[in-house]
Amino acid sequence: MLFLAVTFVTYVIFFLVPANPARLAAGQSATPEKVHEVEQFLGLDQPFYVQYYRFLKRLVLEGSLGQSFLNRRPVNQEIYQAAPVTASLVFGAMLLVLCISLPIGILSALRPRSLLDRAAMVYVLIGISLPSFWIGLMLSYAIGYRLGLTPVAGYCEVFSVPEASPCGGVFDWGYHMLLPWFTLAIVIAGTYVRFIRSEVLETMTHDYVRTARAKGGSEKRVMTAHVMRNALLPLVTLIGLDIGLLLGGAIFIEAVFGLPGLGTTAVNSIFQYDLPVLQGVVIFGAIAIIIFTLIVDLLYAWIDPRIRLT
Amino acid sequence: MAPLLEVRDLRTEFATDDGIVRAVEGVSFTVNSGQVLGIVGESGCGKSVTCLTVMRLNDPKFATSTGEVLFRGENLLTASGSRLREIRGNEIAMVFQDPMTSLNPVYTMGKQLIEAVQLHSDASKKQARRRALEMLKAVGIPRPERRIDDYPHQFSGGMRQRVMIAMALINSPDLLIADEPTTALDVTTQAQILRLLKDLQREFGSAVIMITHDLGVVAETADDVMVMYAAKVVEQGPVESIFNQPRHPYTWGLMGSLPRLDAIVERLDQIPGQPPSLLRPPSGCRFHPRCSYVMAQCIDREPALLQLAEDETHRQACHLDEDTKSREAAALLSKIAAGAAS
């Protein structure tokens with residue numbers, strides 16, 4: 001259902017845009033006859049519901065997302081190339097987010113109103129308020145350009161490095177991803193610090209924490225075995241949903257660092273009225289969200305005894 | 001013989017955003033081995049805080065306590081953290097008010113019981129589990145071998161409270177503090193839990209501090225009674241003495257408002273008003289705004305906790321003269337007796 005709704009809405013919006021993809025595809029010097037020919041070739045002369053039906057049929061029967069209007073490359077292939085870039089960005093950044101937000105969130109919950117807590121609060125405000133592209137550009141300028149510690153932008157393949165590529169392999173890949181990871185992590189971690197802090201604070205007020213102390217448990221044991229185990233349950237939801245969401249393309253960060261990921265692919269396809277490619281990215285994003293929501297639900301049944309699959 | 005627990009002039013205050021709340025003011029009592037002390041009073045009068053202070057379970061960020069809590073002569077208020085952890089759950093254990101929230105939802109009952117054992121002994125997991133099964137059987141959990149690996153949400157409130165009691169008694173503590181253990185349960189379960197506590201108390205020989213707002217519970221279980229009002233003790237003494245010659249209007253109010261199954265009344269008697277805020281307690285006797293015997297001196301001067309002339313173990317804090325008190329107490333008792341007879 002969600003899937004149908006998402007694809008249908010994309011189609012409708014695309015056809016509301018007063019532009020002719022065929023004109024763009026046919027080239028600047030094309031005659032009106034030529035443009036009409038291209039329209040017929042791409043199926044753009046049909047009403048949009050016919051096009052939508054064809055798109056669904058192709059997807060269901062052949063598992064194909066169609067071909068790009070512009071360069072006739074299969075959309076599946078475009079996505080197959082761009083998805084690993086976005087995935088490296090998202091998973092790497094998520095790992096960093098946890099490395100940053102877990103210690104800060106927990107420590108500021110343990111010492112509310114302390115200096116550390118206030119400093120964390122300032123950081124959270126910065127992380128939430130500043131746009132990701134600005135942080136990205138500043139980091140790129142300061143660390144990449146001024147200090148020359150990292151590349152300013154660009155991406156390196158880990159596997160199947162193209163012949164013409166100047167770099168490749170795990171090291172170059174990580175080296176190029178450092179700034180994008182940090183940028184995305186800085187932006188997301190703010191919310192996570194806040195979330196973890198309030199969850200831990202809230203859990204500490206529960207009666208069973210007092211019970212654990214009354215049993216003679218040490219502060220460390222009470223915190224790890226009783227508080228953290230409960231406080232971090234909702235974090236699983238947050239992580240799962242965010243990964244699903246971001247896999248659809250972290251548009252600003254990919255744009256700033258010139259990463260050929262799904263976000264970049266989506267932006268380009270919008271500028272070029274390349275509906276099949278755009279639709280492909282949207283579908284991929286929707287599937288990612290569906291899959292990660294499912295993973296979260298399944299994980300819950302495993303980590304929270306109150307929820308069991310029946 | 002030295003008492004098991006002797007509390008002297010205990011004061012606990014909390015720093016809140018609205019000011020300092022003095023939740024316990026000058027409370028003193030003793031508990032002897034194997035004895036049951038009932039602490040009675042309305043909600044918010046300092047009963048629970050008194051007991052949490054004994055175990056030093058108040059949040060140290062907000063609470064400060066002075067006075068002495070002598071457990072076998074050792075002052076717990078100045079004891080080190082590690083010494084305190086040795087005592088908690090091992091020599092002094094506690095059963096809390098709400099069994100629905102007092103157990104950790106993500107661990108099985110067995111795991112939580114085993115934790116209680118292993119925190120205080122080198123018992124292997126197997127030994128601890130065997131001990132846990134014994135205790136579950138002792139508190140009347142049917143088929144404990146099967147229930148031990150269930151989670152708290154799979155138990156009813158009464159069953160959870162049984163598990164809490166099992167957890168409290170698993171290391172055979174010398175003192176058990178039961179903080180309104182039946183308040184969150186329905187009436188039939190309340191009776192079962194009280195009977196269980198009484199039986200186990202006899203079996204284990206633990207001393208018990210039973211916090212309650214139900215004088216009926218006290219009458220059934222306690223050896224000594226302490227009545228608290230607005231952070232202070234207003235009357236304390238042996239249970240027979242308190243029930244046969246209550247000397248404080250607040251105690252009368254509590255006794256008069258006891259519901260009875262054997263008497264038909266339109267409305268239960270009640271004490272008018274509500275307990276005062278401890279942020280700004282009333283002047284003089286703290287009960288004076290609700291007391292029907294209030295006199296001029298009650299508003300200005302705080303009554304001291306004095307021994308009765310005829311019974312030195314019975315103490316009360318009220319300005320009323322002895323004759324009035326005897327007369328009123330006798331009238332109340334005969335009224336209750338008459339209610340029972342009708």
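The values are calculated or read from the model by the stated rules, or taken from the named source; none is laboratory data. Everything quoted here is computed from the prediction, not taken from an experiment. As a convention, Cβ positions derive from the backbone with ideal geometry for all residues, glycine included, and neighbour counts pool all protein chains shown. Remember, those area values only see protein heavy atoms, side chains included, never the ligands or the DNA or RNA. Shrake-Rupley method; radii C 1.70, N 1.55, O 1.52, S 1.80 Å.
Under 14 Å from the Cβ of B:L10, count the other residues' Cβ atoms, weight Lys and Arg +1, Asp and Glu -1, and hand me the total.
+1
Which one of A:A26, A:V60, A:T7 has its Cα pushed farthest toward the positive end of the charge dipole of the stretch A:1-79, where Lys and Arg give +1 and Asp and Glu give -1 at the Cβ?
A:V60
I need the fraction of alpha carbon pairs in the protein assembly as shown separated by more than 37 Å, rounded to a whole percent.
Roughly 56 percent, once rounded to a whole number.
I need to check one value: relative contact order of the stretch A:6-160, counting alpha carbon pairs closer than 8 Å and at least 6 residues apart, in percent.
9
For A:S64 and A:C167, compute 0.36 nm times the residue count separating them, minus their Cα-Cα distance, and round to one decimal in nm.
Extending this stretch completely gives an extra 33.9 nm.
Considering only protein heavy atoms, what is the solvent-accessible area of B:R129 at a probe of 1.4 Å, reported in Å² to the nearest 10?
My reading of the accessible area for B:R129 is about 80 Å².
Viscosity 0.890 mPa s, temperature 25 °C: give me the Stokes-Einstein translational D for chain A in µm²/s, with Rh taken as the Kirkwood radius over C-alpha pairs.
The calculation lands on 110 µm²/s.
Calculate how steeply helix A:75-110 sits against the longest principal axis of the alpha-carbon atoms of chain A, using the helix alpha-carbon long axis, and give the answer as 0 to 90 degrees to the nearest 10.
20
Let me check something: with ligands and nucleic acids excluded, how do B:H319, B:H248, B:H213 order by accessible area (1.4 Å probe), largest to smallest?
The most accessible residue leads, giving B:H213, B:H319, B:H248.
Could you work out, residue by residue across B:97-109, how many beta carbons of other chains sit within 10 Å of that residue's beta carbon, and then give the average as an integer?
Mean shielding by partner chains, rounded to a whole number: 4.
Work out the charge dipole of the stretch B:207-342 with +1 on the Cβ of Lys and Arg and -1 on the Cβ of Asp and Glu about the Cα centre, then indicate which of B:L332, B:T313, B:V294 is farthest towards its positive end.
Looking along the dipole axis, the top candidate is B:V294.
Gap in Å between the Cα centre of the stretch A:1-17 and the Cα centre of the stretch A:108-178?
Cα centroid to Cα centroid, the span is 34 Å.
Show B:E68, B:E134, A:E254 ordered by accessible area, largest first, where the area counts protein heavy atoms only and the probe is 1.4 Å.
Heavy-atom accessible area, descending, gives B:E134, B:E68, A:E254.
For A:K57, put the label point 7 Å out on the Cα→Cβ axis and report which residues of the stretch A:261-285 keep their amide N under 19 Å from it.
Only A:276 fall inside the zone, counting backbone N under 19 Å.
Within chain A, what is the longest stretch that has no trypsin sites (Lys or Arg not before Pro) placed in a DSSP loop and near at most 13 other beta-carbon atoms within 10 Å?
A:114-305
Average partner chain C-beta neighbours within 10 Å, per residue of B:39-45?
Taking all residues of B:39-45 together, the mean is 0.
Using only Cα atoms, find the angle between the long axis of helix B:157-169 and the longest principal axis of chain B, and express it within 0 to 90 degrees, rounded to the nearest 10.
Value to nearest ten degrees: 80.
Run the helix sum for chain B: -39,500 (n - 2.57) per DSSP H stretch of 4+ residues, divided by residue count, reported at 222 nm to the nearest 500 deg cm²/dmol.
The helix-only estimate for chain B comes to -10500 deg cm²/dmol at 222 nm.
Calculate for chain A the 222 nm mean residue ellipticity that helices alone would give, adding -39,500 (n - 2.57) per DSSP H run of length 4 or more and normalising by residue count, nearest 500 deg cm²/dmol.
The helix-only estimate for chain A comes to -22500 deg cm²/dmol at 222 nm.
Per residue, how large is the accessible surface of the protein assembly as shown? Use a 1.4 angstrom probe and give square angstrom.
The answer is 49 Å² per residue.
Give me log10 I(q)/I(0) at q = 0.12 Å⁻¹ for the stretch A:9-106, Debye formula, one equal scatterer per alpha-carbon, no solvent.
One equal scatterer on each Cα of the stretch A:9-106 leads to -0.59.
Given the C-alpha centroids of the stretch B:36-87 and the stretch A:239-310, what is the distance between them in whole angstrom?
If you average the Cα positions of each part, the centres end up 53 Å apart.
Could you list the square roots of 5 times each eigenvalue of the Cα gyration tensor of the stretch A:96-199, that is, the equivalent ellipsoid semi-axes, sorted largest first and rounded to whole Å?
Here the semi-axes work out to 33, 15, 10 Å.
Multiply the residue separation of B:E312 and B:A330 by 0.36 nm, subtract the distance between their alpha-carbon atoms, and state the gained length in nm to one decimal.
4.5 nm
On C-alpha positions alone, give me the angle between the axis of helix A:170-204 and the longest principal axis of chain A, in degrees, nearest 10.
Tilt of helix A:170-204: around 50 degrees.
Stick to Cα atoms and the Kirkwood definition of Rh, then tell me Rg/Rh for the stretch B:197-296.
With Rg and the Kirkwood Rh in hand, the quotient comes to 1.01.
Comparing the chain by itself with all protein chains present, which residues of the stretch A:200-242 are at least 50 Å² less accessible (probe 1.4 Å)?
A:D207, A:Y208, A:R210, A:T211, A:A214, A:K215, A:G216
As I understand it, the dipole of the protein assembly as shown uses +1 on the Cβ of Lys and Arg and -1 on the Cβ of Asp and Glu, about the Cα centre. Which of B:T212, B:S28, B:N58 lies farthest toward its positive end?
About the Cα centre, the residue reaching furthest to the positive side is B:N58.
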